[in-house]
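Report on the structure given below.
Every read-out reported here was derived from the displayed coordinates using simple, explicitly stated rules and does not represent laboratory data. Quick caveat, the model's predicted, so the values are computed rather than measured. Every residue, glycine as well, gets a Cβ built from its backbone with ideal geometry; the counts of neighbours run over all protein chains shown.
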Amino acid sequence: MGADDGERSGKGGRETDLNTFLERGLAGEDMGWSRSGRMIASHLRDNWDRLPYETGASLAAALGLSEMTVIRFIRQLGYANLKDFKEALKPTAGAEAASMGNVFKRLQLDPLEERTLEKSLKRELEAVTEAYKLTTLPRWRHCVETIADPQFVSVVGFQASRGLAIDFSSRLQYVRPKVRFSEDHAGVFAEILDMSGESHCLVLVDTHSYARKGVLLAEKARDAGMPLVIVTDKFSNWAYEYTDLVLQGETFVETFWDSSASLTVILNLLIDSIAQRHSKTVQSRTERMRERGQHFGEFDQRTSQHRASPGRN
């Protein structure tokens, strides 16, 4: 993709062309990108609103790469330097006013460094909005198909992400059969890796602080050719080395711990989309699961009887 393409299409057209170009490369089309190039491409694609206000140093820090590596990739995209790249992507006034307002809110810093929940609330709401925007991407449909269609689904999460993974696998069982959370009793993930070659996919829920086992498992899954969906945070760009099916949520909201709200939303929306894909069978599946719950005394009848299905009025 040469620099002249952007001059012919204008700023808005250039952004659309570049986004499409990055999507094609991350989806597997041979662009001649290195591993670091794919990491940079995924970060650029998923952080459009912030890019015009980034520096080479801030991009490098976010990716864990050198600034020169980032600049080389920018030049590979057809830009003379980072300044040209940022100028091409800056939104014009008017149509992009709402988006600009969002960017300004992200960049507002309290000069007195006073802690207020208002700032965290704004970041949290923006993170949730970004999670919903993921459903409009082609990648979302591929993730849904990958989880909805195989005969078996394994879900994995570690430490602080473990609860998210257990909740997702438990609720997904109401939508489709043969879903399990992997306990890994043997310590070598045999119950997952032994299923390579079968109609089976792996969903990994992870965050950057606890990624060691996740990276090792993702490596084995990739080598075995196992379909892999990773739901993680914006700090975990390592995920693209192992699969294109990565859904990242913003977790930095300036609270004591990073917030998992956006990841919870992403997982919930995945279940909703999978339920839509299984629309012909999901109601009967839900009824069977409710009957089993009544048999084992799992539900409080005073509340469960007021709902037609879990999570729906």
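Let's test the formula: R0 of 25 Å, r as the Cβ-Cβ distance of F152 and E241. What FRET efficiency results, to the nearest 0.05? The formula returns an efficiency of 0.55 here.
For the stretch 170-307, what ratio Rg/Rh do Cα atoms give with a Kirkwood hydrodynamic radius?
Details: Rg = 17.3 Å, Rh = 17.1 Å.
Checking Rg against Rh, the ratio lands at 1.01.
So what's the stretch 129-175 giving for Rg/Rh, alpha carbon basis, Kirkwood Rh from the mean inverse pair distance? Display every interim value, and only then the final one.
Numbers: Rg = 12.3 Å, Rh = 12.2 Å.
That ratio is 1.01, to two decimals.
Modelled spin labels at K178 and E67, positioned 7 Å past Cα toward Cβ, are 5.3 nm from each other.
Output the pairs from K133/K220; K83/K119; K122/K234; K133/K234 with a Cα-Cα distance over 26 Å in this structure; if there are none, say none. Walk me through the numbers on the way to the answer.
On the way: K133/K220 30 Å; K83/K119 29 Å; K122/K234 17 Å; K133/K234 15 Å.
Over 26 Å Cα-Cα: K133/K220; K83/K119.
Can you list the equivalent-ellipsoid semi-axes of the stretch 109-231, largest first and in whole Å, using the square root of 5 times each Cα gyration tensor eigenvalue? Provide the component values of the computation, followed by the final result.
On the way: eigenvalues 197, 63, 35 Å².
Three semi-axes, in Å: 31, 18, 13.
Note on the stretch 221-263: Kirkwood radius taken over Cα pairs, Stokes-Einstein applied at 20 °C and 1.002 mPa s, translational D equal to 188 µm² s⁻¹.
Take every Cα-Cα pair in the stretch 171-225 and report what % of them are more than 12 Å apart. Please list the in-between numbers first.
Values: 1048 of 1485 pairs.
That tail contains 71 percent of the Cα-Cα pairs.
Label separation (H185 vs D223): 2.6 nm, computed from points 7 Å beyond Cα along the C-beta direction. A protection proxy built from the mean count of other Cβ atoms within 10 Å ranks the segments 279-287, 252-260, most packed first, as 252-260, 279-287.
In plain terms, the chain from E29 to E118 could stretch by 27.7 nm, reckoned as 0.36 nm per residue minus the Cα-Cα distance.
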